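The values are calculated or read from the model by the stated rules, or taken from the named source; none is laboratory data. Since the model is a prediction, treat every value here as computed from it, not as a measurement. Using ideal geometry, Cβ is built from the backbone for each residue, glycine included, and neighbour counts are taken over all protein chains shown. To get the accessible areas, we keep the full protein, side chains included, count just its heavy atoms, and leave off ligands, DNA and RNA. Shrake-Rupley method; radii C 1.70, N 1.55, O 1.52, S 1.80 Å.
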Amino acid sequence: MPTLLHIDSSPRLEESVTRSLSAYFVQRWCERVPAGIVVRRDLGLSPPPHPDAFTLEAAAVIEAARDARQQAAAALSDRLLEELEAADVVLVGAPMYNFSVTSGLKAWFDLVSRPGRTFRYGPNGQEGLLSGKMVVAVTARGGFYRQGAGNTTGEDLQEAQIDSFFRFMGLDDIHFVHAEGQAIDAATAAAQQAQARTEIDRLLAA
Ligand SMILES: Cc1cc2nc3c(=O)[nH]c(=O)nc-3n(C[C@H](O)[C@H](O)[C@H](O)COP(=O)(O)O)c2cc1C
């Protein structure tokens, strides 16, 4: 069955623009793929801990060779990675925080990056080991970076980080839906959200 991994990373709940847009994407995807499976990972409500050295070292050891302490330390990283590997569509709701992603989403990036599973280095340099997944990142920003005035100084580190992260793993079918200008005024915010919903419809129709 096609599987959609639905990730949210806003700490906000009812007020969150990215949660509302990612929920819209899930609703429309389920209409198109009624037998599809949706797996939920809420990094805003339950942020993963920033990995410490022991966790990172334990995760890099193959499961059969880990001792009990290493196995316990690597359990969350394993679980998150399995969710990513099993997904056909990876949907990421991502608020812009200080020009980039929230710390919860960054911790997820660090926990699912796994030598030998998502990437490897070899004689030809780096090689991504994942394939065949569509990635959709739905973002919200207080200001404007992509449309209209702005972004003249390359401040949008968020799109660059998300894009580089998934490309490094071998995924290149990556789409961005931005709701910008959320802090400008209510009319601008609403218009941007409506535009984002139209973009989601267009993406799913394609
Ligand atoms: C800690 C924090 C940092 C933020 N940094 C930025 C920023 O760098 N640029 C920006 O345009 N908006 C910034 N914002 C505004 C958020 O991107 C905006 O409120 C967005 O709607 C948050 O997503 P959410 O509604 O899903 O929670 C920031 C908000 C917070 C709380």
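Out of SER20, SER10, SER46, report the one residue that is farther than 18 Å from LYS133 by Cα and in a helix (DSSP H, G or I).
On inspection, the qualifying residue turns out to be SER20.
In the set (1) part of a helix (DSSP H, G or I); (2) closer than 15 Å to VAL177 by Cα, the condition left unmet by PHE109 is number (2).
Here ARG69, ARG12, ARG41, ARG19 are screened, and the one residue that is within 16 Å of the ligand (Cβ to nearest atom), out of contact with any strand residue (DSSP E or B) (no Cβ under 7 Å at 6 or more places or on another chain) and modelled with pLDDT of 95 or more is ARG12. Filtering the stretch 93-108 to residues that are under 17 Å from MET169 (Cβ atoms) and within 9 Å of the ligand (Cβ to nearest atom) leaves only ALA94.
The conditions of being open to solvent by 60 Å² or more (accessible area, probe 1.4 Å) and touching a residue at least 12 places away in the same chain (Cβ under 8 Å) are not met by ASP67. Assess whether LEU81 counts as being open to solvent by less than 10 Å² (accessible area, probe 1.4 Å) and more than 16 Å from the ligand (Cβ to nearest atom). For LEU81, the condition - open to solvent by less than 10 Å² (accessible area, probe 1.4 Å) and more than 16 Å from the ligand (Cβ to nearest atom) - is met. Among the residues of the stretch 117-147, those identified as closer than 12 Å to MET169 by Cβ and open to solvent by 40 Å² or more (accessible area, probe 1.4 Å) are ARG117, ARG120, GLN126, GLU127, LEU129, SER131, GLY132.
Just one residue in the set ARG120, ARG141, ARG146 is in contact with a strand residue (DSSP E or B) (Cβ under 8 Å, 6 or more places away or on another chain) and modelled with pLDDT under 95; that residue is ARG146. In the stretch 84-106, of all residues being among the small types (Gly, Ala, Ser) and part of a strand (DSSP E or B), the one that is most open to solvent (accessible area, probe 1.4 Å) corresponds to SER100.
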